[in-house]
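The values are calculated or read from the model by the stated rules, or taken from the named source; none is laboratory data. None of these values were measured; they are calculated from a predicted model. Cβ sites come from the backbone with ideal geometry, for glycine too, and all protein chains shown count toward neighbours. The protein model used for the area step is the full one, side chains on, heavy atoms only, and it has no ligands, DNA or RNA in it. Shrake-Rupley method; radii C 1.70, N 1.55, O 1.52, S 1.80 Å.
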Amino acid sequence: MKKQINITLCFLFIFQLVFVFGLVADEQLTANEPATPLNKTLPNFLVVLSDDHSAPFVGAYGDPNAVTPNLDKFASEGILFRRAYVSCPQCVPSRAGIFASRSPVGIGMSRFSAAFPANIKTFPEYLRENGYFTGLAGRTYHMEGYTGKGDPIRNTEGKLEYHRFADRFDYAQSGNSLTQLAEFLDRVPQGKPFYLQLCFSDPHRPYSNQNVPNPRDPDKLILPSWFPDTPELRKDLAGYYDEINRFDHDFGNVLAELEQRSLNENTLIIFLGDNGGATLRGKGTLYEFGIHVPFIARWAGKITSENIGSSSDTLISAEDIGPTLLNIAGITPPKEWTGQSFLPVLQGTKEAPVRKYVFSERGPHGSGLPNNSAAFDLGRTIIGQRYKLIYNAVWQIPYYPVDFAGQPFWQEVQDAARNGNVPEPLVPYFTGENRKIFELYDLQNDPNELNNLAGNPDYAEIETQLKQDLTEWMILERDFIPLPFQQQKNNNKNKNNNKNNQNNIVPDTVPGIKLLFDFTKEQNPIADISGKNNIVTVEGDIQFVTKDGILGRYFNGNSYIDVERSSALHSAETPWSVEAIIYSEQSDGIILSYGGAGNGYSLFLKDGKPGFAVRTGSQVFVALAETPVEGRTTLKGIITPDKKAELYVNDQKIVYVELPRFIAGNPIESLQIGTDIGGKVVNLPLPNFKGWIERVAIKREESKP
């Protein structure tokens, strides 16, 4: 009887376990919305990567030069993604982002030659833990850092177990892609679903014309509109198309292998390029040819009939592959992943929003020292539905091609640029001049990224928003480069509350220029060029702009420049002058202010009328014009040797006021251009300046008239 009771209790316990775990499984399925219930056959996953393959170099993307019949047919049976990006324009960080479903920045993989971190778990490992047979095959997977035996760097990485990436998979080989595909499939245990990443070398340089089914005639190519038409460039581009044609042939063999094994019906196949091609403004850059890749998915019987053969403009990243596959397998993606599932697009809502932005980064390439941008660059980009911002953090390093600097066509391109035979915006890029620190493009109206809108006041709001959102992403990813949107200080203009210490600054008593900004020249970062080494901080967004023939810096009403107190700016008991060339967009605004409620001076606009205010010993004296100014205006305020505050407009003295004395003491606040934060020199409710400033000059005048 006792034995029967024990058996009954055991049965009840097992029943409860089954019931409880069944509820948990159901809850997990609902939360992840998998395409296939866990109690049915799970689909296989095959991810096929071409190497250095930009969109739109596939026939299905509308490229008239590309001979890709297998990819085109594949697209007609699935969904073609027109807005797919990778997280880096270089293969190692890009592939690391795919494996980790995270940004290369966030996992410390922005250096091209880095080994994949041992503590970061890849999405195939989650699949493996949940019953999948997983594999890597074909071209090297690039995740084990330096490969030279005896190399001290490799030895160090080995101590950290960085060279055991292959251990994360059931099968991991490098070699002939098609041979290893068959070998992998032979090893998959019966009844087990599989995941395989199958990598190809084409169309990576060096180009080869061996086994190309349909070689291209260079003379018959239709070049992108912004490409210079040179013989060597045509020849090189034809070689690129030939490698794509050869890859397409191999891709057809991949599909045939699956068909022969009756695997097509239960296999989700994703094809994409690992990063852009090594061509003009491609690999190694954050332009579209560098990070925008072909991306096509086919899932027989699961993609709805109305969406088969369609295309989607949904914005996706290669980081999104992992979360999507885990969702399908009924596995909860980790919260720290930055990838987002695009499963709703596969399930039928082809324009379902996956993400608001795609982010991509550029870091060191190869193992070279930072002599040019091919070996070393630091850049970030944020891409939205329409607008794209590129942040070139080391803009001073001229552009240098990745993987093709030694090709004959590159010399032709440089010569064409010097002779004006390329679009004007590309001349500095191809001739090695400094790049712009920010680039803003309207991809809808300017898909070739030729019209840089950064600094254009008509797009200031868009630019600012993208900088803010990029800054947020960089903070969350613990990015190591300077943020593109500068921190707003809680600044009361008093850098040191100890007034006695502040006034211990020894003045520079030699007459002459003490502070000079020439905003007609694009200088980044903005700096004082007087030679007095004044410390400058830029707050907010102040872009170099050209509008209606005006060159200068645009202050948007929130931005300003802060200059720390210094011996050069010591203005007590001496004649002084301040000059600014402006074009204001509003009738009121602070142009420049130095000091506060005790001592100082200020140039401003009130109701369109310029004014020069001087404060000495807490008393303020204002020279205010009677007539408003319009357009480009030169304003100058002078504290004369005979103690007058004079205001000049376009080199004409307009008004003056008598002063009881010079400025009594050196101001304890910083000097600011575009605002007056903290103690006010002039007690008027004036906003920050909004408009263009061409020049600011501050001068210590001679003591005698």
Can you give me the solvent accessible area of Phe621 with a 1.4 Å probe, rounded to the nearest 10 Å²? 40
Compute the distance in nm between two label points, each set 7 Å from the Cα along the Cα-to-Cβ direction, one at Ser262 and one at Thr634. 8.9
Contour excess over end-to-end distance, with Cα ends at Thr179 and Gln396 and 0.36 nm allotted per residue: 73.4 nm
What nm value, rounded to one decimal, do you get for the distance between Leu476 and Asp442 when each label is placed 7 Å out toward the C-beta? 2.8
Mean separation of Cα contacts under 8 Å (6+ apart) over length of the range 221-299, as relative contact order %: 22
Let's test the formula: R0 of 45 Å, r as the Cβ-Cβ distance of Glu351 and Asn524. What FRET efficiency results, to the nearest 0.05? 0.70
Sticking with the crude label model, points 7 Å out along Cα→Cβ, report the distance from Asn209 to Thr41 in nm, one decimal please. 4.6
Given a 1.4 Å probe and the protein chains all in place, what does the accessible area of Asp72 round to, in Å² to the nearest 10? 50
Mind pulling the angle between the C-alpha long axis of helix 231-260 and the longest principal axis of the chain? Nearest 10 degrees, somewhere in 0 to 90. 40
Quick calc, Asp217 & Ile535: beta-carbon distance into FRET formula, R0 60 Å, rounding 0.05, result 0.50
For Ile654, residues with placed amide H under 5 Å, excluding near neighbours: Leu647, Tyr648, Val649
Extension reserve of the Thr156-Arg386 stretch, reckoned as 0.36 nm per residue once the Cα distance is removed: 78.3 nm
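Please list Thr627, Thr122 from largest to smallest accessible area, probe radius 1.4 Å, with all protein chains kept in place.
Ranking Thr627, Thr122 by accessible area, largest first, yields Thr627, Thr122.
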Helix-only estimate, please: 222 nm mean residue ellipticity of the chain, summing -39500 (n - 2.57) across DSSP H runs of length 4 or more and dividing by its residues, to the nearest 500. -7000 deg cm²/dmol
Between Trp226 and Val657, what is 0.36 nm times their sequence separation minus the Cα-Cα distance? Round to one decimal in nm. 149.2 nm
Going by average Cβ density within 10 Å per residue, which order do the peptides 98-105, 423-430 take, highest to lowest? 98-105, 423-430
Roughly to the nearest percent, how much of the accessible area of the range 53-190 is carbon and sulfur, given a 1.4 Å probe? 46
Taking the solvent-accessible surface of protein heavy atoms with a 1.4 Å probe, what is the per residue accessible area of the chain in Å²? 42
So for the chain, averaging the separation of alpha carbon pairs under 8 Å that are six or more residues apart and normalising by length, what relative contact order in percent results? 13
Between Lys283 and residues 5 or more places away or on another chain, the pairs with built amide H atoms under 5 Å apart involve Gly277, Ala278
Sorted list, accessible surface of protein heavy atoms, 1.4 Å probe, largest first, for Lys690, Lys235 is Lys235, Lys690
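Heavy atoms only, 1.4 Å probe, whole protein assembly: order Glu472, Glu412 by accessible area, highest first.
Ranking Glu472, Glu412 by accessible area, largest first, yields Glu472, Glu412.
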Taking protein heavy atoms only, a 1.4 Å probe, and rounding to whole percent, the accessible area of the range 217-277 owed to carbon and sulfur comes out at 47
Expressed as cubic angstrom per residue, what is the convex hull volume of the alpha carbon set of the chain? 228
